[in-house]
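Report on one structure; see the data block that follows.
Just so it is clear, none of the values below were taken in a lab; they were calculated from the coordinates. Just so it is clear, the model here is predicted, and its values are computed rather than measured. Here Cβ is always computed from backbone atoms with ideal geometry, including for glycine, and neighbour counts include all displayed protein chains.
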Amino acid sequence: MVVVTIETQRIVDWETFHDVFSEALGLPAFYGRNMDAWIDCMTCLDDANAGMSAVHAPAGGVLTLQLENVDDFAARCPIQYAVIIECAAFVNWRRIELGSPPVLALSFHKSN
């Protein structure tokens, strides 16, 4: 299993949302910095040849995004919090529709 820690305390708006995910996952220079582009990158997490991220799920496995300080993140950025849940679900739905297994999981860690 691959776990990528997302430091949500750095996220304050859409720009920093995309900065944090780009850095944590090694998204490509051509990453469009919008949720359609985020979904495209996440859909290919198990395909290293796609060039959509530097971090990959194992073959047939799942990559887990560990959202740190999620309670603070949800309160500070409720739209980004809701959208990441919706878009992660969409990534897996899209893959299932194409005959591939889910590739993305979310894990929440509350603030101390």
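Structure above, values below:
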quantity: Any hit, the stretch 80-94, residues being closer than 19 Å to ALA37 by Cβ and outside any helix (DSSP H, G or I); calculated: no
quantity: Residue in the stretch 41-51 that is farthest from ILE84 (Cα to Cα), counting only those that are touching a residue at least 40 places away in the same chain (Cβ under 8 Å) and either part of a loop (DSSP other than H, G, I, E, B) or in contact with a His (Cβ under 6 Å, 6 or more places away or on another chain) (or both); calculated: ASP46
quantity: Filter result for ILE39 (on the phi < 0 side of the Ramachandran plot and in contact with a Leu (Cβ under 8 Å, 6 or more places away or on another chain)); calculated: no
quantity: Hey, PHE108 more than 17 Å from GLY26 (Cα to Cα), among the hydrophobic types (A, V, I, L, M, F, W, C) and surrounded by 17 or more Cβ atoms within 10 Å (Cβ to Cβ) or not; calculated: no
quantity: Residue within the stretch 18-40 that is under 26 Å from SER111 (Cβ atoms), acidic (Asp, Glu) and outside any loop (DSSP other than H, G, I, E, B) present; calculated: yes
